[in-house]
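Have a look at the structure below before the remarks.
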Amino acid sequence: MTFSLAILNILDTMPRPVPAGVVAARLPEFYSRPMKLTDIEAELELLTASGEILAQPRRHVGMLYSITPLGKAAIA
């Protein structure tokens, strides 16, 4: 599984938008190589730019991420 597909699978299991830290905590379940939070945030930005995930700024928590229908199609 690629790094981006691992992130999409994580977000697909989340019932609501989550911060990058939650994605980082769940990553070992889907991806065997350890990744730094900065690498995860960079990949989240790329997935946002491609329209596969949605990034929502929140005042007290920072960015929250959720999967879009395009992202669900990518993992189907």
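Please treat every number below as a calculation from the coordinates, not as lab data. Remember, predicted model here, so these are calculated numbers, not experimental data. Heads up, the Cβs are rebuilt from the backbone with ideal geometry, glycines too, and the neighbour counts pull from every protein chain shown.
Scanning region 51-66 for residues that are without any contact (Cβ under 8 Å) to a residue 12 or more places away in the chain and in contact with a Ser or Thr (Cβ under 9 Å, 6 or more places away or on another chain) gives a single hit, 55.
When residues in region 7-26 are screened for being hydrophobic (A, V, I, L, M, F, W, C), out of contact with any Lys or Arg (no Cβ under 9 Å at 6 or more places or on another chain) and under 20 Å from residue 73 (Cα atoms), 3 of them pass.
Of the helices (runs of 4 or more DSSP H) contained entirely in region 16-76, those carrying at least 3 residues that are surrounded by fewer than 18 Cβ atoms within 10 Å (Cβ to Cβ) and out of contact with any helix residue (DSSP H, G or I) (no Cβ under 9 Å at 6 or more places or on another chain) fall at 37-50.
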